[in-house]
Amino acid sequence: MTRTKLAVLVSIAAAGPLIALAPAPQDGQPAAEPIQPVAQDAEKKAETMKLLGGLEGTWRLVQEDGSLSKETSVFKLSSAGAVVREVMMVGEPHEMTNLYHMDGDAVVCTHYCAVGNQPRMVAKNGVEDTDEGPAIDFHVDSVSNYVEGQDHYMGGLKLVFVDSDTVHQVWTTFNGEGGVAGQMTFVLKRDADV
């Protein structure tokens, strides 16, 4: 019987001890290549995560007549504040999830789409000032699980932080050839009743 050896890596982080368990290479198995850290501006990270973290809570979609839809999006901080998780259209058959996090100075959004693919979108410029308010403009980097029978993927997302209770999500859909197939804007209002 072969036992998996575990390497215990211990480091002391600013928030306290962090312990990570990783399988040690087995006999004859090559070690992983070293990973080089990316540069990250602490101020830029703090500004971005404060903006994204400020979304925490329940939001409702504003319908064309101005009323609030019963469909909700729920934002929640996760992974010790390093990730913001959004669940869109909670409880609906087409419920979807987005994960937002930093990668160096860039901001990443992975969209777990109801059609079954997962576009990874990157905002290399981070937070930008616009006439409507601070914005994060994501563009497609890669798409996993784009399989035969699927004819589109979400390849762009612009988050506009209009005010503390209003966010616009401008989604751009692309076809398999990379052409723009459509665009939709969701206006979200913070749900004061939750």
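Taking each DSSP H run with n ≥ 4 as -39500 (n - 2.57) and averaging over every residue of the chain yields -2000 deg cm²/dmol at 222 nm.
Loop-located chymotrypsin sites (Phe, Trp or Tyr not before Pro) in the range 89-194 (DSSP state other than H, G, I, E, B) with a sparse environment of at most 11 neighbouring Cβ atoms within 10 Å are absent.
Taking 0.36 nm per residue of separation and subtracting the Cα-Cα distance, full extension of the segment from Val115 to Gln36 would add 25.0 nm. Net length available on complete extension from Arg85 to Gln29 is 16.6 nm, with 0.36 nm assigned per residue and the Cα-Cα distance removed.
The phi torsions of the range 110-118, fed into the Karplus equation with coefficients 6.51, -1.76 and 1.60 and a -60° offset, translate into couplings of 9, 9, 8, 7, 5, 6, x, 9, 9 Hz, rounded to whole numbers, with Gly and Pro shown as x. Placing pseudo-labels 7 Å out from each Cα toward the beta carbon at Glu95 and Val170 gives an inter-label distance of 3.0 nm.
Measuring only protein heavy atoms, the 1.4 Å probe finds Glu92 accessible over about 50 Å². Approximating the spin labels as points 7 Å out from Cα along Cα→Cβ, the Val162-to-Val147 distance works out to 3.8 nm. Placing a label point 7 Å from the Cα of His139 along the Cα-to-Cβ direction, the residues of the range 81-124 whose backbone N falls under 14 Å from that point are 107, 121-124.
Of the residues Pro34, Thr185, His111, the one whose Cα sits farthest towards the positive end of the charge dipole of the chain is Pro34 (charges of +1 on Lys and Arg Cβ, -1 on Asp and Glu Cβ, taken about the Cα centre).
Applying a threshold of 18 Å to the alpha-carbon distances of Lys44/Lys76; Lys50/Lys70; Lys45/Lys189; Lys70/Lys189 flags Lys44/Lys76; Lys50/Lys70; Lys45/Lys189 as lying beyond it.
Remark: the chain carries 62 Å² of accessible area per residue (probe radius 1.4 Å; ligands, DNA and RNA excluded). For the chain, the equivalent ellipsoid derived from the Cα gyration tensor has semi-axes of 34, 22, 18 Å, listed largest first. Note on the chain: antiparallel DSSP beta bridges, both residues inside, total approximately 100 percent of the bridges counted. Put simply, when 42-50, 63-71 are sorted by average Cβ atoms within 10 angstrom per residue, most first, you get 42-50, 63-71. Per residue, the convex hull spanned by the Cα atoms of the range 107-150 measures out at 79 cubic angstrom. Helix 42-53 axis versus longest C-alpha principal axis of the chain: approximately 50°, rounded to the nearest ten.
Between amide H atoms placed 1.01 Å from N, distances below 5 Å from Gly126 occur with Val107, all of them 5 or more places distant or on a separate chain.
With each label modelled as a point 7 angstrom along the Cα→C-beta vector, the Asp103-Leu68 pair spans 3.5 nm. Of all the accessible heavy-atom surface of the range 94-194, with the other protein chains kept in place and a 1.4 Å probe, what percent is carbon and sulfur? Exposed carbon and sulfur together represent 46 percent of the surface.
The values are calculated or read from the model by the stated rules, or taken from the named source; none is laboratory data. Treat the numbers as computed from the prediction; the structure is a model and nothing was measured. As a convention, Cβ positions derive from the backbone with ideal geometry for all residues, glycine included, and neighbour counts pool all protein chains shown. Just the protein is used for accessible areas: all its heavy atoms, side chains included, with ligands, DNA and RNA removed. Shrake-Rupley method; radii C 1.70, N 1.55, O 1.52, S 1.80 Å.
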